[in-house]
Every structure is written in structure tokens, then in C-alpha cells.
Amino acid sequence: MILNRRTFLAALAATAAYRPADAAATPNLGSLAEQHGLLFGSAFDREIFTDASYRALIKSSCRIGSVENSFKIDWLRRNGITADFRITDRLVQFANSAKIALRGTALVWNDWPPTWLKSLSAREVAAALDRHVGETIGRYAGRMQGWGVVNEPFYPPHRQTGGYRKGPWLEAMGPSYIPRAFKVAAAADPQAKLVLNEAFCEQDDELGRSVRPRLLKLVAELKHSGVKLDAVGFQAHLKPHLPYNDQAFATFLGQIAALDVDIYITEFDVDDEGMPDDIAKRDRLVADRCEKFLRTILTIPRVKVLICWHLSDRYSWYKDADWYARAISENGGDPTRKVRTHLTDGELRPKLAWDAVARAIEARSEH
Ligand code: 9MR
């Protein structure tokens, strides 16, 4: 009997004990996605310089990559406005030689400001934005696929006018910091894809539903005023323990796409805090959530990019988030248990979620 790829993947999924030894034995998500009009990749950062096996996984699987932290102002300009570009130079060099299209992320974010920024006058903060965005993008012009220029503009619980996220950029300039950052970015590298990135919209809770209309209005305003905005990024840190409605989210993505922007899924992973300790059960739940979400939203042709926020539990950011272990205990779980939030485990072995993502990508062409 000859199995075509779909039947083969379905057969694999049906085999509960399926555990391929390494990523090479599984569908290559980067090339599979390419066949379906999608750029697939992952976040990574300086760990790739020392972790050869992770570097190999990133190189073999990713057509696109996001630098997780090193372009953020608190990393690049730790002690003042003068940047230390040594690490970012190496990251760009790595991606260029590995032929991975690279994105810098969260250049302008009201969260995590460096201490020195907080003591500046409004005028100096505006100048710092111009310098950080202009100098950083300008330095790598022609070598980067694009930039997450502004990250997470909204956070209605901060109770600022318009639902904006509180922080030094908003305090100094009001919401005008957003078009300003995009204008500086476009001048520094006219070819780079410029992205506005937002969190929570995938959730169908009060927070997600309060961010969506505000983001839609902002994107419409930016486009109508002629700002160069190529794509809107949705993080998709999926939280299955909160309400969600993938169809409603897909409808919202359709409204965003109608404003003539691409859609990028920029930080894909699944928060497993509400799931049982049992690894087999958790892996199945994570895989199911990945597959259902992606099957729904990948039907939208303007979804062009899918980036995981790391490819392995080895580098899961949940491990360092102070609220994560606490949330597991509150749910009656073992707070010392290993995270199962990503597509491969701590030993870089693909999990059920890897194949679930492959199936969802394959289904894209059916629509
Ligand atoms: O994964 C990132 C973690 O290592 C950093 O400490 C943190 C603060 O800079 O940011 C994490 O990435 C965030 C991303 O930049 C924006 N969306 C939420 C991500 C997870 O917190």
C-alpha cells in the first residue's frame, strides 16, 4: 500500500506511542509551510552560539526567525542610549549565512523599560525612540526581513485613555509614539517589513475582546494616514484554560486583513498551566489546541508567517515567568513539573504538537 503524506501523517497521529527520535525523522515544518504559502520559523537568541543541537534544529526547521530579546532597548542599550551591537551583529550574521529571514522584535514596548529611560525628560525620551529605532534598523538595512516595531500598544487594565499600555513612551508622547516609530523605521530601511505586534487578541475573554476593536481602529488610522505598516502580528501564546473562540478570532483577522496588511503569528506556543501533570495527556491537549487553532486561522490567505516563541521546551519562557509555577499549584498540579509548552521537548524530540502543526499546515491548501 502506498501512503500519501496526509494518510501517513494521519496514521502517525493515530499511533499514541509515536515518538520520533529526532526532528530529521519528522516533517520539515519550514519546507512544508513554504509549499503552502507560509513562512515558518521560531524565536531564538544568543543560546544558538553555544547550543549546537538547538542551532541545528533552528537551521533545519526555520525559514524565518525572530530575535527573542537582543534588539529590545533594555538589552541593546542596557546602560544608556549608546548601543552594544556585538551580539546582534553575530545574530544577523548567523541568520544571513543560514538563509533564515530574520526579524527584530519589540523595538518599542512600554513594558520592561531600562532604568535610565525612566529618568529622561519627555523630549529626551522622544529622541531616544528616534535613535533606538533609526540607528538599529539602519545598521542592518538590507539584511533583515523586518521588524516588530511597536509591541503590545494596548492594555486596557492600565486604564489609560484609549486603552493604551502605560509606560515611558506613552507618557512622553501619548499614542503619537506609534506612528512616529513606524516613520523612523521606514526611513531607516524602506524594504523591511514593518509590523505592529499585539497580545491577547486570540483570547475570547474580557481582555481579548477589549483589545480587538482598539487594535482594529489603530490599524485603520495608521493605514489611512499613509504610515508604512506591512503586517499586524498576533502573538498567540494560547491559553486553553481561558475562554477562546477560534472562529471569532478568524473573523477578526479577516477584518484586519481587509485593511490591506498581512497577518503574522509571531509568538506561537501553548500555556499548559491548567493541564494535568501526566505528560501523555498534556502533550495530547497541547497538540489538539495547536491543531484546532491553526486549522481555523490558516484558512485566511493573508496569514503569511507562523513563528513559534522558541522550538523547544528547553527554552520555554514560561519556566522563568514568576506567575507560571504559582498558577500550576493553584490548579492542583506539581509546580516542579517540566513544561510541555513547545513543539519539541527538553531533549529536542518532536512531540505530538509537531505533527499537529504539520497537519494544520497541510490542510491550508484545501481552502
Ligand atoms: O521570552 C522573552 C523573555 O525572555 C523576556 O524576559 C521577556 C521580557 O523582555 O520577554 C519575553 O518575550 C515576550 C515578547 O517579547 C513579547 N510578548 C510576550 C513575550 C513573553 O513574555
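So the values come out like this:
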quantity	calculated
Condition check for LYS183: under 25 Å from ARG139 (Cα atoms), surrounded by fewer than 20 Cβ atoms within 10 Å (Cβ to Cβ) and touching a Phe, Trp or Tyr at 6+ places or on another chain (Cβ under 9 Å)	no
Checking THR115 against (1) of a type in the set (Val, Ile, Thr); (2) surrounded by 13 or more Cβ atoms within 10 Å (Cβ to Cβ); (3) within 16 Å of the ligand (Cβ to nearest atom); (4) under 22 Å from ARG86 (Cβ atoms), the condition it does not meet	(2)
Pick from region 18-36, criterion assigned to a loop (DSSP other than H, G, I, E, B) and in contact with a helix residue (DSSP H, G or I) (Cβ under 7 Å, 6 or more places away or on another chain), ranking: modelled with the lowest pLDDT	TYR18
Filter result for PHE234 (under 23 Å from ALA363 (Cβ atoms) and within 16 Å of the ligand (Cβ to nearest atom))	yes
Enumeration of residues in region 90-112 that are at positive phi and within 15 Å of the ligand (Cβ to nearest atom)	ALA106, TRP112
Test: residue in region 29-39 that is touching a strand residue (DSSP E or B) at 6+ places or on another chain (Cβ under 6 Å) and of a type in the set (Asp, Glu)	no
Per-region count, region 140-165, residues over 19 Å from VAL219 (Cα atoms) and charged (D, E, K, R)	2
Counted residues, region 118-155 - those being under 16 Å from the mean Cα position of the chain (by Cα) and more than 16 Å from the ligand (Cβ to nearest atom)	1
Meets criteria (buried (at least 21 other Cβ atoms within 10 Å of the Cβ) and more than 15 Å from the ligand (Cβ to nearest atom)) for ALA250	no
The lone exception for ASP260 - which of (1) closer than 24 Å to GLU68 by Cβ; (2) more than 16 Å from the ligand (Cβ to nearest atom) it fails	(1)
Qualifying residues in region 318-342 (those that are buried (at least 16 other Cβ atoms within 10 Å of the Cβ) and without any contact (Cβ under 8 Å) to a residue 60 or more places away in the chain) - the one nearest to the chain's Cα centre (by Cα)	TYR318
Residues of region 191-210 classified as more than 17 Å from the chain's Cα centre (by Cα) and either touching a residue at least 40 places away in the same chain (Cβ under 8 Å) or within 13 Å of GLY134 (Cβ to Cβ) (or both), total	5
Among residues of region 164-174, those that are surrounded by fewer than 19 Cβ atoms within 10 Å (Cβ to Cβ) and within 24 Å of the chain's Cα centre (by Cα), counted	1
Qualifying position, being part of a helix (DSSP H, G or I) and of a type outside the set (Val, Ile, Thr), among ASP260, ASP272, ASP288	ASP288
Search result, residues across region 300-333 that are more than 16 Å from the ligand (Cβ to nearest atom), out of contact with any helix residue (DSSP H, G or I) (no Cβ under 7 Å at 6 or more places or on another chain) and part of a loop (DSSP other than H, G, I, E, B)	PRO301, ASN331, GLY332, GLY333
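Residue by residue, here is whether (1) closer than 30 Å to LYS338 by Cβ; (2) within 18 Å of the chain's Cα centre (by Cα) holds:
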site: LYS239; (1), (2): yes, yes
site: PHE249; (1), (2): yes, yes
site: ASP260; (1), (2): no, no
site: ILE263; (1), (2): no, yes
site: ASP269; (1), (2): yes, yes
site: ASP272; (1), (2): yes, yes
site: ILE279; (1), (2): yes, no
site: LEU285; (1), (2): yes, no
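Every residue, every condition in (1) within 11 Å of the ligand (Cβ to nearest atom); (2) touching a residue at least 24 places away in the same chain (Cβ under 8 Å); (3) touching a His at 6+ places or on another chain (Cβ under 9 Å), yes or no:
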site	(1), (2), (3)
LEU29	no, yes, no
GLY37	no, yes, no
GLY41	no, yes, no
SER53	no, yes, no
ALA56	no, no, no
LYS59	no, yes, no
ARG63	no, yes, no
ASP74	yes, yes, no
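The values are calculated or read from the model by the stated rules, or taken from the named source; none is laboratory data. Computed from a predicted structure; not experimentally measured. We place every Cβ from the backbone using ideal geometry, glycine too, and count neighbours over all the protein chains shown.
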